[in-house]
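Chemist: Submitted below is the structure of interest, expressed as structure tokens.
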Amino acid sequence: MSLTKQAIDALIFDSGVGGLSVLSEILRVRPQLSFVYVADNAGLPYGDKTPEWLQQRVSAVIAAACSLYTPKLLVIACNTASTLVLPQLRSEVTFPVVGVVPAIKPAATLSKNRVIGLLATPATVKRVYTDGLIQDFAKDCHVVRVGSSRLVELVERKLRGESLALDELTRICQPFLESTPMPDTIVLGCTHFPLVSTELKTVLGGVQLVDSGAAIAQRVQTLMGTSGNQPQPLRKILFTQLDTSIDQLKPYLKSLGLDAAEALIPPKESASGK
Ligand code: DGL
């Protein structure tokens, strides 16, 4: 039996809800974009996984999504994946792939005291790719790196209606608060983290927070050219595992025009991969 694949403007991918921070920036510049958002929640958190597992997993989930949809472009709205899988992924698909990587370059331009923070997942703070960004763009800066999968989990919970405990956030941010001098600029190198920027500002005081969302939206805008302006755009969210907590995400999803969540048949690989 052959199924007809549906054409869409963009396929947007993350392990969970983090990529929605990128999606909302994209919708700001392209409100009529037709898209499918894929959350690999069965594999979350990506920040604790081995590179081998992650490489295979992202390829498999994207292949599953591409068996249903033909996108004009793919956005890997995940720093943990983008800092690892982009070269291989680009060799596997025929459309442009936009990745999200930590905004070290803009942060180095903005920092006055030359102390920068990087708040990302444990995997992203350790990546060779991240070392390269620091070497290329922030050589004269001291970079304080904090990797936290717990914060990813807290953001997932916040979007499901739980409030974020500021004392726990303060503990996570302790290395920034204890640094002398404190970073004047902190890179949110995980797409989940802009979703708690208000709480982070409360904990971190007058620090400027930098993320890659708006730059990615501009990149998508350029690549879409005159397309991506559907009168009645398709908007869909697929999860690799439908669980009851997805119901609690509904109010947030609705604010992005996403009504019903559907299941994407998960790829065969195991979802543990530690
Ligand atoms: N949102 C993801 C990122 O930008 C990863 C979160 C996770 O699954 O650890 O890195």
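Computed from the coordinates by the stated procedures, all read-outs in this text should not be read as laboratory data. Not measured: the values here are computed from a predicted model. Positions of Cβ are backbone-derived with ideal geometry, glycine not excepted, and every protein chain shown enters the neighbour counts.
Chemist: Which of the aspartates and glutamates could a cross-linker span from LYS112 if the Cα-Cα distance has to be under 14 Å and same-chain partners fewer than 8 positions apart are dropped?
Modeler: Correct list for LYS112: ASP140, ASP184.
Chemist: Go through segment 138-238 and name the trypsin sites (Lys or Arg not before Pro) that are in a DSSP coil and have 15 or fewer other Cβ atoms within 10 Å of their Cβ.
Modeler: LYS139
Chemist: With the crude spin-label approximation of a point 7 Å out along Cα→Cβ, what separation in nm comes out for GLN208 versus ARG157?
Modeler: 3.3 nm
Chemist: For the residue pair LYS126 and LEU177, what label-to-label distance in nm results when each label sits 7 Å from Cα along the Cα-to-beta-carbon direction?
Modeler: Distance between the two pseudo-spin positions: 2.6 nm.
Chemist: Moving to a separate point now. How high is the relative contact order of the chain? Use alpha-carbon pairs under 8 Å, at least six apart in sequence, and give a whole percent.
Modeler: 28 percent.
Chemist: Another question about this same structure. Quote to one decimal, in nm, the extra length available between GLN55 and ALA260 on full extension: 0.36 nm per residue of separation minus the C-alpha distance between them.
Modeler: 70.9 nm
Chemist: Here's a follow-up. Quick check on the exposure proxy: order ASP48, ASP136, ASP211 from fewest to most C-beta atoms within 10 angstrom. Before the final figure, lay out each step's value.
Modeler: Working: ASP48 18, ASP136 11, ASP211 26.
The order, fewest Cβ neighbours first, is ASP136, ASP48, ASP211.
Chemist: Here's another thing I want to ask about it. Compute the signed sum of charges (Lys and Arg +1, Asp and Glu -1) over the other residues within less than 12 Å, Cβ to Cβ, of THR170. Let's see the in-between values first.
Modeler: Numbers: positive: ARG171; negative: ASP167, GLU168, GLU178, GLU199.
So the environment of THR170 carries a net charge of -3.
Chemist: Which net charge results for the neighbourhood of ASP259, defined as the other residues with beta-carbon distances under 11 angstrom from its beta-carbon, given Lys and Arg at +1 and Asp and Glu at -1?
Modeler: Every neighbour counted, the sum reads +3.
Chemist: Please compute the length gained on full extension between GLN248 and ASN113, using 0.36 nm multiplied by the number of residues separating them and subtracting their Cα-Cα distance.
Modeler: 44.4 nm
Chemist: State the answer as a single residue: which of SER163, PRO175, VAL143 lies farthest towards the positive end of the charge dipole of segment 112-185, with beta carbon charges of +1 for Lys and Arg and -1 for Asp and Glu, about the Cα centre.
Modeler: VAL143
Chemist: Can you figure out the FRET efficiency of VAL93 with GLU168, using R₀ = 35 Å and their beta-carbon distance, to the nearest 0.05?
Modeler: Computed FRET efficiency for VAL93 and GLU168 comes out at 0.35.
Chemist: Could you tally the net charge around THR198, taking each other residue with its Cβ under 14 Å from the Cβ of THR198, Lys/Arg +1 and Asp/Glu -1?
Modeler: Cβ neighbours under 14 Å give a net charge of 0.
Chemist: Taking amide H positions as placed 1.01 Å from N in the peptide plane, with prolines and chain starts having none, which residues 5 or more places from ARG145, or on another chain, fall under 5 Å of its amide H?
Modeler: Distant-sequence amide H within range of ARG145: LEU118.
Chemist: Continuing with this model, one more query. Could you tell me which of rounded, prolate or oblate describes segment 135-223, using a ≥ b ≥ c as the square roots of the eigenvalues of the alpha-carbon gyration tensor, with rounded for a/c under 1.5 and, failing that, prolate when a/b is larger than b/c and oblate otherwise?
Modeler: Oblate.
Chemist: Further question: Rounded to whole Hz and in sequence order, give me ³J(HN,Hα) for segment 36-41 from the Karplus expression 6.51 cos²θ - 1.76 cosθ + 1.60, θ = phi - 60°, writing x for Gly and Pro.
Modeler: Couplings: 10, 9, 10, 10, 8, 5 Hz.
Chemist: Then there is this: Please tell me which of these pairs span more than 28 angstrom C-alpha to C-alpha: LYS105/LYS236; LYS5/LYS126; LYS72/LYS158; LYS5/LYS254; LYS201/LYS250; LYS49/LYS254? It would help to have the intermediate numbers written out before the result.
Modeler: Values: LYS105/LYS236 33 Å; LYS5/LYS126 38 Å; LYS72/LYS158 32 Å; LYS5/LYS254 25 Å; LYS201/LYS250 26 Å; LYS49/LYS254 31 Å.
The answer is LYS105/LYS236; LYS5/LYS126; LYS72/LYS158; LYS49/LYS254.
Chemist: When CYS78, CYS141, CYS190 are ordered from fewest to most other Cβ atoms inside 10 Å of their Cβ, what list results?
Modeler: Numbers: CYS78 30, CYS141 18, CYS190 34.
Listing CYS78, CYS141, CYS190 from fewest to most nearby Cβ atoms yields CYS141, CYS78, CYS190.
Chemist: Using the beta-carbon distance between ASN229 and ASP136 and R0 = 41 Å, what value does 1/(1 + (r/R0)^6) give for FRET efficiency, to the nearest 0.05?
Modeler: The calculated FRET efficiency here is 0.70.
Chemist: What FRET efficiency comes out for SER197 versus THR4 if R0 is 30 angstrom and r is the Cβ-Cβ distance? Round to the nearest 0.05.
Modeler: For SER197 and THR4, the calculated efficiency is 0.15.
Chemist: Taking only C-alpha pairs under 8 Å that are 6+ residues apart, what is the relative contact order of segment 41-114 in percent?
Modeler: 29 percent.
Chemist: What residues qualify as long-range amide H neighbours of THR70, i.e. H under 5 Å apart, gap of 5 or more or another chain, H built at 1.01 Å from N?
Modeler: Residues meeting the amide H criterion: GLN6, ALA7, ILE8.
Chemist: What list of ³J(HN,Hα) values in whole Hz, one per residue of segment 139-155 in order, does the Karplus curve 6.51 cos²θ - 1.76 cosθ + 1.60 (θ = phi - 60°) give from phi, with Gly and Pro shown as x?
Modeler: 4, 8, 10, 8, 10, 8, 9, 10, x, 9, 7, 4, 5, 4, 4, 5, 5
Chemist: Hey, another quick one. Rounded if a/c is under 1.5, else prolate if a/b beats b/c, else oblate: with a ≥ b ≥ c from the C-alpha gyration tensor eigenvalues square-rooted, which is the chain?
Modeler: Prolate shape, in that a/c is at least 1.5 and a/b is the bigger ratio.
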